[in-house]
Each structure stands twice: as structure tokens, then as C-alpha cells.
Amino acid sequence: MRYLRTMDDATALRADLSGSILVVGAGWIGLEVAAAAREAGAAVTVVESAPLPLGAVLGPELATVFADLHREHGVDLRLATSLASVDHTGGRTTSPPHPSDRTPAGGWATDNGVLVNSRLRASDPHVFAAGDVARQDHPLLGPIRVEHWDTAIHQGRHAARVMLGEDAAYDRQPYFFTDQYDLGMEYVGHTGRGYDEVVVRGDRASRVLTALWVKDSRVVAGMHLNDWDAIDPIRTWVGRPATPQLRDTSIALADVPLVD
Ligand SMILES: Cc1cc2nc3c(=O)[nH]c(=O)nc-3n(C[C@H](O)[C@H](O)[C@H](O)COP(=O)(O)OP(=O)(O)OC[C@H]3O[C@@H](n4cnc5c(N)ncnc54)[C@H](O)[C@@H]3O)c2cc1C
């Protein structure tokens, strides 16, 4: 059993991507490993307890795209299937704890991460937290801890500006990407409070599309698959009211009139 958290972990894992591999959990990283292992020629089984991979983020409307993608590439994808036990016969079984699992030495408030206010300041006002370890009181999304590279970069910069005297909340929407086989995806926003509707612009079968998740008549998240000009319009739309024209797929997303 191996963990994948550092560059050294990744380098060591690459040498072992052959033979028969079991990936436990069809999350983003698990599926990226599955894709890399298939491309390296390994036989890959993915076990996922939920009925669809990535269902919590994408919902059933789009999660099926990823299930189909992996099955078409030969992954034995076993959904609604839980791992009962692992019979250990070799390899590493331990890893340093994830930063969010560690108890900070300073004694400031924690709850699934270091609790920080909208300005990224911890309960000790001399302490700031950013990135994976920070559970922020986000002004648009509520309490949230985001494990994405983009958030770590932008929260770090924002915390520095607040330390230098700027009094502004960090309100950037989460952003992340994934590459699996020939599919590239970028996602902006957060559907943590659920959604009422998904507007899909494009074609699921060819996996070139843009999807916008709508909650209470506002766009709360957007994603594209292999539609590389779409990310800027998606970013513009997240947080705005969803208009009837947004659902008119004859109009390019970038040309749909915006409403505040
Ligand atoms: C396998 C994998 C794939 C990923 N893929 C993506 C992706 O495709 N897209 C994406 O957006 N994000 C991805 N992520 C998430 C992304 O890597 C993280 O969100 C990002 O690295 C967070 O940066 P950070 O600086 O907050 O934390 P980290 O990168 O974890 O850095 C924290 C550092 O602090 C050190 N540290 C911890 N505690 C202490 C201590 N007490 N004293 C001193 N040092 C300490 C740690 O060793 C570490 O070096 C991936 C993560 C993993 C593990």
C-alpha cells in the first residue's frame, strides 16, 4: 500500500505502475493514478463505495462522464463497493500525517483545519493560515477548507496583504483542474450547499462541454471538459444570476449577456 502526497511519493510510485493495481477511492487523485497506471500498461481496478465516482462534486449528470471515460480505457471500476480489509504482504503502510491532521503547536482554534476568519486570521490575531490547513469563514461560501493548489497560492498572497494592513476578505472562488487520459478539466466554484439544476452546453459523448451548476437561480459552479477557451467565461458566470439565455446553447457562453 502506498500513499501519494509528495513528489518523492510520486516518483517512487511511477516505478511501480505495472502489473495489477488496486486504487481505493474514485476521487480526483485516485482517478488520476488510475489513468496514469492504465497508460503505463497496468491492469487497474478502482473500488468506490459511492454509486458514482466524483458524485459529491459533479452530481450524477456529469459523474457518469468520468465513469464511462475510465471504463472505456479498460479500468475495472467497481462502484457501490466497499473495501472490507487489506491483507498486507509488502510495501509501505505508513506516511507522515497530512498537515490538516496535525495539531498546531500554537494552541489556536482548530476544527477540521486551523479556523481563520474571512481575512485568514486565526483565533490568535498574530497567526494567519492559508492553503490546505486553513478552514476559512469564506464570505460567499461559508466555512470551507479547500485542498487545491490555486487556493494555497492566492490565500498565501492575500494573507500577506492583510498582514501589511489591507482589510479585505478573501472571496476568490475555488479553482482546480484534472488531466486524465486525453480529458482535461477545469472547475471553478463550489456546490457544497447543493444545486437545483445543471446547464450542460456541449456534448457528453465526445467529452467537450461546459457545465454550470445553478442553486437558487444563481450559478454556483462551472466546469469545462476539453473546452479550453471556456474557463474565463465560467469564472465570470460563477456567482451571477442564471438567465434564460444561459440555457440557450445556440449562444456561445462568452456571448450570453451578463446580469448582476
Ligand atoms: C497527489 C496529489 C495530487 C494533487 N493534485 C492536485 C491538482 O491536480 N490540482 C490542485 O489544484 N491541487 C492538487 N492537489 C492539492 C495541492 O497539492 C494542495 O492543495 C497544495 O499543495 C496545498 O499547498 P499548501 O502549501 O497549503 O500545503 P502543502 O503543499 O501540503 O505544504 C505544506 C508544507 O508544510 C510542511 N509542514 C507541515 N507541518 C509542518 C510543521 N509543523 N513544521 C514545518 N513544516 C510543516 C509540510 O511538510 C509541507 O511541505 C494535489 C495533492 C496531492 C497530494
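If a residue has to be within 16 Å of Leu69 (Cα to Cα) and open to solvent by less than 60 Å² (accessible area, probe 1.4 Å) to count, how many in the stretch 187-233 make the cut?
So in the stretch 187-233, the residues within 16 Å of Leu69 (Cα to Cα) come out as 203-209, 224-226.
Right, trim to open to solvent by less than 60 Å² (accessible area, probe 1.4 Å) and you get 207, 209, 224-226.
The qualifying residues number 5.
Can you tell me which residue in the stretch 172-185 is farthest from Asp248 (Cα to Cα), limited to those that are touching a His at 6+ places or on another chain (Cβ under 7 Å) and surrounded by fewer than 19 Cβ atoms within 10 Å (Cβ to Cβ)?
Here the residue is Tyr181.
If I ask for residues that are open to solvent by 70 Å² or more (accessible area, probe 1.4 Å), more than 12 Å from the ligand (Cβ to nearest atom) and closer than 20 Å to Arg78 by Cβ, which ones from the stretch 9-37 would you list?
Result: Ser20, Leu22, Val24.
Six or more apart or on different chains, Cβ under 7 Å: which pairs go from a residue in the stretch 40-51 that's over 10 Å from Ile21 (Cα atoms) to one that's among the polar types (S, T, N, Q)? Could you list them?
The qualifying pairs are Ala40/Ser18; Gly41/Ser18; Val47/Thr81; Glu48/Thr81; Ser49/Thr81; Ser49/Ser82.
Identify, by number, the condition in (1) within 12 Å of the ligand (Cβ to nearest atom); (2) farther than 19 Å from Leu58 by Cα that Arg145 doesn't meet.
Condition not satisfied by Arg145: (2).
Conditions first: (1) under 23 Å from Leu54 (Cβ atoms); (2) within 13 Å of the ligand (Cβ to nearest atom); (3) in contact with a Leu (Cβ under 7 Å, 6 or more places away or on another chain). Pro174 passes all but one, so which condition is the exception?
(3)
Can you pull out the residues in the stretch 151-171 that are open to solvent by 70 Å² or more (accessible area, probe 1.4 Å) and either within 22 Å of the chain's Cα centre (by Cα) or within 16 Å of the ligand (Cβ to nearest atom) (or both)? Step through it out loud before you land on a result.
Of the stretch 151-171, the ones open to solvent by 70 Å² or more (accessible area, probe 1.4 Å) are 157, 161, 163-164, 166-167, 171.
Hits for the stretch 151-171 are Arg157, Asp171.
Quick check: anything in the stretch 236-257 surrounded by 12 or more Cβ atoms within 10 Å (Cβ to Cβ), touching a residue at least 60 places away in the same chain (Cβ under 8 Å) and closer than 12 Å to Glu186 by Cα?
Within the stretch 236-257, none of the residues are surrounded by 12 or more Cβ atoms within 10 Å (Cβ to Cβ), touching a residue at least 60 places away in the same chain (Cβ under 8 Å) and closer than 12 Å to Glu186 by Cα.
Residues in the stretch 114-142 that are more than 12 Å from the ligand (Cβ to nearest atom) and acidic (Asp, Glu): how many?
2
Of all residues in the stretch 44-71, which are open to solvent by 50 Å² or more (accessible area, probe 1.4 Å) and either in contact with a Lys or Arg (Cβ under 9 Å, 6 or more places away or on another chain) or in a loop (DSSP other than H, G, I, E, B) (or both)? Steps first, answer last, please.
Here is the first cut: in the stretch 44-71, the ones open to solvent by 50 Å² or more (accessible area, probe 1.4 Å) are 49, 51, 56, 60-61, 64, 68, 71.
Of everything in the stretch 44-71, those that are open to solvent by 50 Å² or more (accessible area, probe 1.4 Å) and either in contact with a Lys or Arg (Cβ under 9 Å, 6 or more places away or on another chain) or in a loop (DSSP other than H, G, I, E, B) (or both) turn out to be Ser49, Pro51, Glu61, Thr64, Asp68.
Being more than 17 Å from Glu61 (Cα to Cα), without any contact (Cβ under 8 Å) to a residue 60 or more places away in the chain, outside any loop (DSSP other than H, G, I, E, B) and out of contact with any Gly (no Cβ under 6 Å at 6 or more places or on another chain) is the filter here; which residues of the stretch 201-235 pass it?
Listed by number, the residues that qualify are Arg218, Ile231, Asp232, Pro233.
The values are calculated or read from the model by the stated rules, or taken from the named source; none is laboratory data. Predicted model, so just to flag it, every value in this text is computed and none were measured. Here Cβ is always computed from backbone atoms with ideal geometry, including for glycine, and neighbour counts include all displayed protein chains. When the accessible area is computed, the model is the full protein with side chains, heavy atoms only, and any ligands, DNA or RNA have been set aside. Shrake-Rupley method; radii C 1.70, N 1.55, O 1.52, S 1.80 Å.
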